[in-house]
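Bear in mind that the values in this text are calculations on the coordinates, not laboratory data. Computed from a predicted structure; not experimentally measured. Positions of Cβ are generated from backbone atoms using ideal geometry, with glycine treated the same way; all protein chains shown enter the neighbour counts.
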Amino acid sequence: MHPQERLRAVTHRSASWTQLVGLGLLCCLLAVSADAQTSRIKRISLMTPDLDQSIAFFTGVIGFTLDFEGTLPPGGEPFLGPVFNIDASKPIRRALLSTSTEARGLFLIEHPDSPVPDPEKPTAVVTVVEVESIDQTLAFARAAGAPVSETVTDVTPEGMRFSEAMITSPGGHAILVYELSKAP
């Protein structure tokens, strides 16, 4: 066999071997991935006694955008009644809001009979939101009359610096806002 023909045969076998090894690794990866957890959080749902006030807070203070606001007709969505302990035989106002990275990540449901919020005792659930500027967000919160905690600065396990503070929404929700440092 001529040296060039031998080289082509070896190269062809090498390419086939490389392709076969790559295909084997891909199969292993797919097999492992099939067993991996694929869960993700779709959205946070919060009840509020005043939908308009909550929309204004989450858009004007926290920086969400309003995607949809409307009223469900009586019996319009069967899960809302039992899940949120509200009378679904009456119209229910609700809204969907987004951040720049999470489409429709917040679902607000108006429940006029919600307990009156106590800023000293926010709800047991904390919604954590990354903001572009914590100083600006906290200034907006203070201007809106929302209770704001002190700002804490720390380092993530990966070594990134961040600042965070707790804001209580008009609906009594604990909103932890944080900003990752732009510096390494």
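Could you run the Karplus curve 6.51 cos²θ - 1.76 cosθ + 1.60 with θ = phi - 60° over region 142-157 and give me ³J(HN,Hα) per residue in whole Hz, x for Gly and Pro?
4, 5, 7, x, 7, x, 10, 7, 5, 8, 10, 10, 8, 10, 6, x
Using modelled backbone amide H atoms (1.01 Å from N, in-plane), which distant-in-sequence or interchain residues come within less than 5 Å of L106's amide H?
I44, L97
Would you please put 149-157, 59-67 in order of how densely packed they are, using the mean number of other Cβ atoms within 10 angstrom per residue and starting with the highest? Each step should come with its number before you reach the end.
Numbers: 149-157: 10.3, 59-67: 17.1.
The most tightly packed comes first, giving 59-67, 149-157.
If you count, for each residue, the other Cβ atoms within 10 Å and average over each peptide, how do 135-146, 167-178 line up from highest to lowest?
Values: 135-146: 15.8, 167-178: 21.5.
Order by mean packing, descending: 167-178, 135-146.
Compute from the Cα atoms of region 87-183 the Rg and the Dmax, the latter being the longest Cα-Cα distance, and quote both in angstrom.
According to the Cα coordinates of region 87-183, Rg and Dmax are 15.5, 53 Å.
Determine the sum of side-chain charges near E102: Lys and Arg each +1, Asp and Glu each -1, restricted to other residues whose C-beta is under 13 angstrom from that of E102.
Values: positive: R40, K42, R43, R104; negative: D67, E130.
Net local charge, E102 excluded: +2.
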